[in-house]
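Since the structure comes first, as structure tokens, the remarks are kept for the end.
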Amino acid sequence: MTTPKKLFIKTYGCQMNVYDSERMAEELGTQGYVATGRAEDADMILLNTCHIRERAAEKVYSELGRMKPLKDLNPNLKIGVAGCVAQAEGEEIIRRQPAVDLVVGPQSYHRLAEMEARTRTGQTALDTDFPEEDKFEHLKARPKAKRAPAAFLTVQEGCDKFCAFCVVPYTRGSEVSRPAERVLQETQDLVERGVREVTLLGQNVNAYHGGMTLAELIRALDKIDGLERIRYTTSHPNDMDDDLIAAHADTPKLMPYLHLPVQSGSDRILKRMNRSHTAESYLKLIERIRKVRPDIMMSGDFIVGFPEETEEDFQATLDLVEAVNYSYAYSFKYSTRPGTPAAERPQIDPAEADERLQRLQALITRQQRAIQESMVGRELSVLVEKAGRKSGQMLGKSEYLHAVHIDGSGHAIGDIARVRIVAAMTNSLTAVPL
Ligand code: SAH
Ligand code: SF4
Ligand code: F3S
């Protein structure tokens, strides 16, 4: 028997890349690859990359520099770049780092096995097409092995919104939804492999229209026996329709947590960002959601230091954060992305942007900590995902997506444990079983 080839995948960026990495590993599995956690042992290293901010893209080039000497140790080693940097930079990657053998974009990785074979004949392989065909229809069937209880599942991809700062519409292409029957079938298969929670993924997941709306899809998923929890991310405020809001009240398996990025609290900046909503319309929307689901926890994304952002604009962002009270929020310093409209606008002083980012993050942390602390004494349900570091301790997620450590639980992975929260840290909660 020949020893199997080993595959090391490193994933950057968003949850969709996590899902794509799984599918790529499965695809290369059909070529005899097994996963390894050590780049030093690999016959193929694949970096699944993110292009969203400058630093994310630069990290990929430094990692490639670190990986290159491994080729001296293993002459059979092939190095590949997948994901959004691959899409955006294409051939330039091989020019900048000639150790790279393969470059594949997010819409063409169903061709990965054939591309890998080409690299074995000494050629480089490059594919950054946006093909006509649906890659998911061309990927091999997913293996039947048992899996972790929480899974990501891409249902929608691409973006037609063209926010002025963002590369996603260029790297992922235009909005496409997977057919609902395929999503239902894949979820059924995941449940048979031990999955109890699915997070439906899309760059604008609430713009989903695969023969059903997202609300209809969630209601159909709600009927699958053995599936206990449904989440979805990321949503655009303009695509939160009435039915999806209603689903938060009437669909038992839909979890009370919503990631709804707004980016800024200043209408002047939102307009320049091409966001097509206002701070007020966003706040009204959250009011409507909280009316039907008062306990829902909100999270969001913010960009500070967008071109021409003034102190007054920034203050409006702080005001909006105060008004919403987020259980979690991601905030980023604006990063100029070549080819996007905002890159042409007058940029603000980076030191100023740093200082604003710190102020925003301090406020967000304060809110997050207060919400965490308010959970102490509460009874929650936790999907147990893995063993903790302390003996007898298990780790999992609450319905509100808090990370929860359960002490001395006696619960197994995949259980939904009823617990009482006994302590709160900034990023996690400690609980005892009920
Ligand atoms: N489709 C999602 C997520 C897009 S990327 C959405 O529309 O919300 C995730 C986050 O990265 C964005 O919400 C935004 O806050 C941030 N981001 C995108 N481009 C950026 C840039 N050029 N500089 C800084 N942050 C950026
Ligand atoms: Fe980027 Fe805006 Fe599309 Fe989100 S909605 S992916 S921020 S262009
Ligand atoms: Fe990054 Fe591409 Fe996701 S740019 S955030 S990996 S869609």
So the check is Cβ under 7 Å with 6+ separation or different chains; which pairs have a first residue in segment 405-419 that's free of Cβ contacts under 8 Å to residues at least 40 places away in the same chain and at negative phi and a second one that's hydroxyl-bearing (Ser, Thr, Tyr) and assigned to a loop (DSSP other than H, G, I, E, B)?
405/428; 417/409
Given the residues 182, 147, which is the only one that is more than 16 Å from ligand 1 (Cβ to nearest atom) and open to solvent by 60 Å² or more (accessible area, probe 1.4 Å)?
182
State whether the residues of segment 35-55 include one that is under 30 Å from residue 332 (Cα atoms), at pLDDT below 95, open to solvent by 60 Å² or more (accessible area, probe 1.4 Å) and not in a loop (DSSP other than H, G, I, E, B).
yes
Pair list, Cβ under 7 Å, 6 or more apart: segment 314-341 residue closer than 17 Å to residue 357 by Cβ, other residue hydroxyl-bearing (Ser, Thr, Tyr) and modelled with pLDDT of 95 or more:
316/266; 317/264; 317/266; 326/299; 328/299; 329/299
Going through (1) out of contact with any helix residue (DSSP H, G or I) (no Cβ under 6 Å at 6 or more places or on another chain); (2) among the small types (Gly, Ala, Ser); (3) at pLDDT 95 or above one by one, residue 335 fails only at (1)
In this structure, does residue 342 turn out to be assigned to a helix (DSSP H, G or I), small (Gly, Ala, Ser) and open to solvent by less than 20 Å² (accessible area, probe 1.4 Å)?
yes
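When the residues of segment 371-388 are filtered to those that are outside any helix (DSSP H, G or I) and within 16 Å of residue 423 (Cβ to Cβ), which remaining residue is modelled with the lowest pLDDT?
388
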Checked against (1) within 16 Å of ligand 1 (Cβ to nearest atom); (2) in contact with a strand residue (DSSP E or B) (Cβ under 8 Å, 6 or more places away or on another chain); (3) open to solvent by 30 Å² or more (accessible area, probe 1.4 Å), residue 91 satisfies every condition except (1)
For residue 177, are the conditions met, namely being within 16 Å of ligand 2 (Cβ to nearest atom), touching a His at 6+ places or on another chain (Cβ under 8 Å) and open to solvent by 10 Å² or more (accessible area, probe 1.4 Å)?
yes
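The values are calculated or read from the model by the stated rules, or taken from the named source; none is laboratory data. Here the structure is a predicted model, which is why all the values come from computation and not from measurement. A quick note on method: Cβ atoms are made from the backbone with ideal geometry, for glycine too, and the neighbour counts reach across all protein chains shown. Side chains are part of the model used for accessible areas, which takes the heavy atoms of the whole protein and leaves out ligands, DNA and RNA. Shrake-Rupley method; radii C 1.70, N 1.55, O 1.52, S 1.80 Å.
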